[in-house]
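The values are calculated or read from the model by the stated rules, or taken from the named source; none is laboratory data. Here the structure is a predicted model, which is why all the values come from computation and not from measurement. Note that we place each Cβ from the backbone using ideal geometry, even for glycine, and neighbour counts take in every protein chain shown. Accessible surface is based on the protein model in full, side chains and every heavy atom, while ligands, DNA and RNA are left aside. Shrake-Rupley method; radii C 1.70, N 1.55, O 1.52, S 1.80 Å.
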Amino acid sequence: MTGFDLITDHLPVLTVVIPLMAGFLTPIVGWIDRKLCWYWVMLTMFAVLLMTSSNLYTVITSGTIHYHLGGWTPPIGIEYVIDLLNGFVCLIIAFIGLMVGIYSIESIKKELPNKIIPFYSIFLLLITGLMGMTITGDIFNFYVFLEISSLTAYALIAMGDRGDGVVASFNYLIMGTVAASFILLGIGYLYAVTGSLNIADMQGLLPSIYDNKVVLAALAFFMVGFSIKVGLFPLHAWLPDAYTHAPSAASALIAGLMTKVGAYAMIRFMFSVFTPEFVIDMTRMAEILTWAAALAIVVGSVLAIAQSDIKRMLAYSSISQIGYILLGVGLANVIGMQGGLLHILNHSLMKCALFLVAGAIFYRTGIRNLHQFQGLGKKMPVTTTVFLIAALSMIGVPGTVGFTSKWYLALGSINAGQWIFVIVILVSSLLNIVYFWRVFDNIWFGHPHEVEHIKRDEAPLSMLIPMVLLAVLCIFFGLFAYYPLHYVLEPLSNALLGIGVLP
Amino acid sequence: MAIETVHSITPALAVLVSMVASVLILAFGKYPNIREGWTFVAAFIKFSLVISMLPLILEGKVITYTVIEMLPNLPIAFKVDAFGILFAITSSFLWIFVSSYSIGYMRTLKEHAQTRYYFCFAIALSSAIGIAFSANLVTLFLFYELLTISTYPLVAHTETSEAISSGRKYLTYLMISGISLLFSILVVYHYTGTTEFSFSGIAGLETLPRTTLYILFITFMVGCAKAAFMPLHAWLPAAMVAPTPVSALLHAVAVVKAGVFTAIRVILYVFGIDLMEISGLWLYMAYFVSITIILASIFAMTQDNLKKRLAYSTVSQLSYVVLGAVLITQHGITGGMLHIPYHGFMKITLFMCAGALIVTAKKENISDMNGIARQMPITMLAFTVGALGMIGMPPAGGYITKWYLLLGAAELDNMILIGVLLISAVLNAAYFFPVIYVAFFKKPDKELTYKEAPLTMLVPLTLTAIISIIIGIWPDAPGMFLDIVNIAVANVTGGGI
Amino acid sequence: MSGIIEIIFAEFNYWIYVTLMMIGFYAMIAKKNLIKKVIGANIFQTAIFLFYISLAEVKGGTAPILLHGHDGADAAHKAVSEVIYVNPLPHVLILTAIVVAVSTTAVALALIIKIYEEYGSLEEDVILAYRRQLQPEFSEHARQKQEGEQ
Amino acid sequence: MSGIQESIVIRTVVRIMVPFIQIFALYVIMHGASGPGGGFQGGVIFGAGIILYAMIYGHKEGKQRMSDKLNRILSSSGVAIFAVTGISCLVFGGMFLQYGVVPLLPDNPAVVSRLLIDVVEIGIGITVLAVMISLFFDVSPPETDEEELPASEEAGQ
């Protein structure tokens, strides 16, 4: 057995263990030299990115990977399973993590000069938590990782704006604890009726007892819990504050990933723990989800218009975009599902880019208020161009990622015979235009009051690289959405809905 | 009738040229001469690329090129047919003139943010050509939206609050229409599984329930708000706050023509002549645009601002194009399609004249233009040529399209439409002759000191005026617009000429 | 009527955890004091732990400890087979969940200390009032907002 | 506080008790492989011993015994022990945490397994005690400036 084989066989667990170990070693690295932390994080994230890409490649070429921890076979032992769904989500996590990591060197130096070491340590642990949540095939293990990611997220948010950040973090903590407790309770219910904790095993055991009220209660607990975690509309109250007051890099990371992984978990529980028939036909949970999502899409967009803080505006826009993902999932037809899943990727790219831009602007000018953005187009041309591209993606201009997912979602809605959702999607595009165009007008056409001649003062290179890369990907995946759709999402959607079988 | 297809990258290149140029323009923003040099180079290359495809088209072939498979079963693809190249030639040819004209205009007025201006202009041109060469609705939609976005900075160019609010109005109308277009495309895709244009209409639409079909048609036409149909026309006069070259090229040629182009594509290449006829949509649409033709002309008469009067005139003339298409007779369609280049040449002449007046005489209102022709005879002569064309009097080209439209209406024996065409000709005369009269025959209030506009402006407007006359005198010269239109008409009607 | 009471008594452990859970939930949502919120969260979580422990109960079972575990594998097997144990898995799970709960509480307390340093109060109303006043010294965001308005 | 801290009885009792608490903690940690106990419980008890000491003898005294630096190293190295043990199983061709494959005693993989579980428990114990203590130091006194939020310290199930 060569060394390479040795690694490839164990990639599923290494993707979780390496950031975990690296996270705990960060204090030691930082103790040697504070500056080393960043390189350490880069090294780790790069390794994780390589591993997740390799995982996804393996899944695409040779099917689902099963990894039995400690050699115990499921359902007794903990199993890590990588199929198309979590392989795809893991890759997103690793990529966004790497981008934010690159970006963070300057922004953290400025915003949190005393907390560089804890920041990076927690950063890696957050990645661990998200990776673990995604990869694990055991629902209790899932809960543990969910809490790891939540706790680290609380800590990251608390590092933000003095006072506000801590309060936001505390509110998130309370909401998050309720959510996690609901999920824990749901897990308990399922364990009580099936005696298993393994997802695949459970899916086999559950159908015979679907008429049991306990199963229904468990589903309800899961849905409420995850709705809080993803910030679905009526349960979104924690989200705007948390996104607004976190440090720039943390906002980008949390906005880009946390809710997406929450959405992943929702999909996983709806379609892999329970079966599509149960969620779609027997309980009509999917339909309820679509209506909630449609409401979130509209209300999120409307509320975003009312904001003057850019990060808060983006946070509300996230609420609406989460609605897109869940709408696609809830439509429960292959096309809608593809749209929803594609939007996980697309929204991560766009929203991460937008938050990075907001952070870069704050880094250079200290401004977060939209009405003070005049003249930024001349001052920070590259940054604002990235903003333009990402915002156009959000609007759904063709040729950008936003269009492709919108196309699929709208088509899925038509297929489901739900014309109202088509209208919701299209109207929300218009609302997106309204709130983004205010920013464009200020950036390029507004005249700053004090200064006549604006000096070009671009964000540092380490911030520009990830932003530009994300913007380029926004366009790349807008034009070449064929690849993720063909290789990953189409077979995946079929498999989730029980139409086809995963390779 | 089998149509031979040729695969070639040329259409993609033609679209790309100005994209590349736009990047170079940005890069050389600090050196005005080089920057504007790129504009010229791109304009010439683009035009020659477009022209290079003409011989194949005249042979009755079609050029296709698939760029990428954007989504499964939804490629971004180009297909050059006679109708597409008609629009492409018009806009790319006029870009050359407008580039020259822009330089004169922008430099004389010492406008700010010229780099942005040329950048957006180049992108807008790419989009226009992209629309012309689109092989399917999705590609068309891509460039349609790109055109909207890239022209917004041009409309709001002056950055005054008036310009920005006009820009907002522009954007609101066009984005809402874009959404409507997207909706229609989705519906078409849902029911037929394709969005590719076809000479006889997309197969499968005829199975739709009649109501759905009507709604689809309405959303499509709302989607073509760039064509400025009457209830959706308000953006066009508002957009006249833009610098005149923008009004000239974009709001007389590229943008609005993209609108009518899309409308015709939808009417003839998505719905198809047969479906239009069976469903009776053609007649409703014909009456609908007739209203626009008449009302816009009346509105034009009430405008004192020359650019706004021209804008309303554009609104009216655009509906001629659509009217021609929905007449669904050979002559009618010929007239409609032919009106795209003809109106383009004449209207651009008029706008360039208006711009010349703004630059040298600083005059925008017709009531201030007493005796202006004494100082600027060439400009005003060119204006007269354009105006005659609009009214439909020889020698300028306008009379030919009107003739075909009348023939089409006469074939259908529809007295109302014939009446509309005649009345509108009278109305056209009613709002253009006062301008000519004021300029040539009224005595100036005081001694006028200004002279003709700079050569960079004067030459293009003279040339377009001359071309307007040439296409009026020799409309059937080989390879000229009429030839192309005949092929296009043959394609959609399915027969020879 | 008696049927309901019988049900309540027969499964009183579940009723207790439901009651506790509701108490905790109420405290988390309705109490204004942050510490009380955290206490509520703890009660909530504890209720769930109790639920898990109840799940593990086997009538007549004993604690899942191997009596002669150190004497070798055979002895262990013998021990397992002869005695009825309660299900150990929920216990182990809950052990982990307790760790998580402790961590959450620790983070919450740390946050509360920070909040107290910042606002001088643990009452939600007072903190909200401070933030509403938009005093620059209390909120960076508020300062920006003020600057924006000027 | 100060009253308690000055009480000679309490100081003496604590001084006597802390070593026993720690011994008990070690017992609990080492017992984890085969009975109730384990790294987490033992680590908490061990940490509680030091916290008790710091409570009574004051912050400064406590920090002398358990400096921030030491704390940080302990919390990192504990996880490192856990991870290295797990990964060493990979090196010998097993799955992650499949202890039996490590060829310490080729004849008796069950014993190796128990041994390595103890190693892992020790790692967990070290991390937990370090985190417990740093929690105490961070939360209790107002004068500490450097805030280190304790995040998810226990990932194992």
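Annotations
- Odd one out for D:Met55 among (1) more than 17 Å from C:Val102 (Cβ to Cβ); (2) out of contact with any Lys or Arg (no Cβ under 8 Å at 6 or more places or on another chain); (3) modelled with pLDDT of 85 or more: (3)
- Unique residue being of a type outside the set (A, V, I, L, M, F, W, C), at pLDDT 85 or above and open to solvent by 10 Å² or more (accessible area, probe 1.4 Å) when the list is B:Pro75, B:Pro32, B:Pro11: B:Pro75
- Helices (runs of 4 or more DSSP H) wholly inside the stretch A:1-75 that include at least 1 residues being at pLDDT 85 or above and surrounded by 15 or more Cβ atoms within 10 Å (Cβ to Cβ): A:11-32, A:36-62
- Complete set of residues in the stretch A:101-123 that are open to solvent by 10 Å² or more (accessible area, probe 1.4 Å), assigned to a helix (DSSP H, G or I), in contact (Cβ under 8 Å) with a residue 12 or more places away in the chain and not hydrophobic (A, V, I, L, M, F, W, C): A:Glu106, A:Lys110, A:Glu111, A:Pro118, A:Ser121
- In the stretch A:212-221 there is no residue matching the filter, namely being closer than 28 Å to A:Tyr172 by Cβ and charged (D, E, K, R).
- B:Val246 being of a type in the set (Val, Ile, Thr) and closer than 23 Å to B:Lys362 by Cβ: yes
- Residue match in the stretch B:40-47 (condition: open to solvent by 20 Å² or more (accessible area, probe 1.4 Å) and within 14 Å of chain A (Cβ to nearest Cβ)): no
- Per-region count, the stretch C:102-115, residues open to solvent by 40 Å² or more (accessible area, probe 1.4 Å) and either touching a Cys at 6+ places or on another chain (Cβ under 7 Å) or closer than 14 Å to A:Ser169 by Cβ (or both): 3
- Of the helices (runs of 4 or more DSSP H) entirely within the stretch A:221-285, those holding at least 2 residues that are within 14 Å of chain C (Cβ to nearest Cβ) occupy A:238-245, A:248-253.
- Which numbered condition A:Ser107 fails, given (1) closer than 19 Å to A:Leu20 by Cβ; (2) touching a Phe, Trp or Tyr at 6+ places or on another chain (Cβ under 6 Å); (3) among the hydroxyl-bearing types (Ser, Thr, Tyr): (1)
- Test: residue in the stretch D:121-135 that is modelled with pLDDT of 80 or more, over 22 Å from D:Met17 (Cβ atoms) and more than 12 Å from chain A (Cβ to nearest Cβ): yes
- Yes/no for B:Thr379 being polar (S, T, N, Q), under 22 Å from B:Asp445 (Cβ atoms) and touching a residue at least 40 places away in the same chain (Cβ under 8 Å): yes
- Per the listing B:Leu268, B:Leu249, B:Leu275, the residue uniquely in a helix (DSSP H, G or I), touching a residue at least 24 places away in the same chain (Cβ under 8 Å) and surrounded by fewer than 23 Cβ atoms within 10 Å (Cβ to Cβ) is B:Leu275.
- Look at (1) more than 12 Å from the chain's Cα centre (by Cα); (2) at pLDDT 85 or above and you find that C:Ile98 fails only one, number (1).
A quick yes/no check of all residues on (1) surrounded by fewer than 23 Cβ atoms within 10 Å (Cβ to Cβ); (2) within 8 Å of chain A (Cβ to nearest Cβ):
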position: B:Ala122; (1), (2): no, no
position: B:Ile131; (1), (2): no, no
position: B:Ser134; (1), (2): no, no
position: B:Leu142; (1), (2): no, yes
position: B:Leu154; (1), (2): no, no
position: B:Ser161; (1), (2): yes, no
position: B:Tyr170; (1), (2): no, no
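- Members of the stretch B:221-235 that are farther than 16 Å from B:Met175 by Cβ and part of a helix (DSSP H, G or I): B:Met221, B:Met230, B:Pro231
- Residues of the stretch B:281-308 that turn out to be of a type outside the set (Ser, Thr, Tyr) and open to solvent by 20 Å² or more (accessible area, probe 1.4 Å), as a count: 13
- A single member of A:Leu376, A:Leu349 is open to solvent by less than 20 Å² (accessible area, probe 1.4 Å), within 30 Å of A:Ala495 (Cα to Cα) and of a type in the set (A, V, I, L, M, F, W, C), and it is A:Leu349.
- Of the residues A:Leu173, A:Leu156, A:Leu190, A:Leu235, the single one that is aliphatic (A, V, I, L, M) and within 24 Å of A:Asn86 (Cα to Cα) is A:Leu190.
- Figure legend. Inter-residue proximity from the stretch A:200-214: first residues among the small types (Gly, Ala, Ser), second residues open to solvent by less than 60 Å² (accessible area, probe 1.4 Å), beta-carbon distance below 8 Å, spacing 6+ or different chains. Indicated pairs: A:Ala200/A:Pro74; A:Ala200/A:Glu79; A:Ala200/A:Val81; A:Ala200/A:Gly137; A:Ala200/A:Ser272.
- Selection count, the stretch A:124-161, where residues are open to solvent by 10 Å² or more (accessible area, probe 1.4 Å) and of a type in the set (Asp, Glu): 1
- Checked against the criterion of being within 14 Å of chain D (Cβ to nearest Cβ), under 21 Å from the mean Cα position of the chain (by Cα) and closer than 28 Å to A:Thr290 by Cα, the candidates A:Leu184, A:Leu151, A:Leu173, A:Leu156 yield just one match: A:Leu173.
- Qualifying residues in the stretch B:209-233 (those that are out of contact with any helix residue (DSSP H, G or I) (no Cβ under 6 Å at 6 or more places or on another chain) and either within 20 Å of B:Ala135 (Cα to Cα) or at pLDDT below 85 (or both)) - the one farthest from the other protein chains (Cβ to nearest Cβ): B:Pro231
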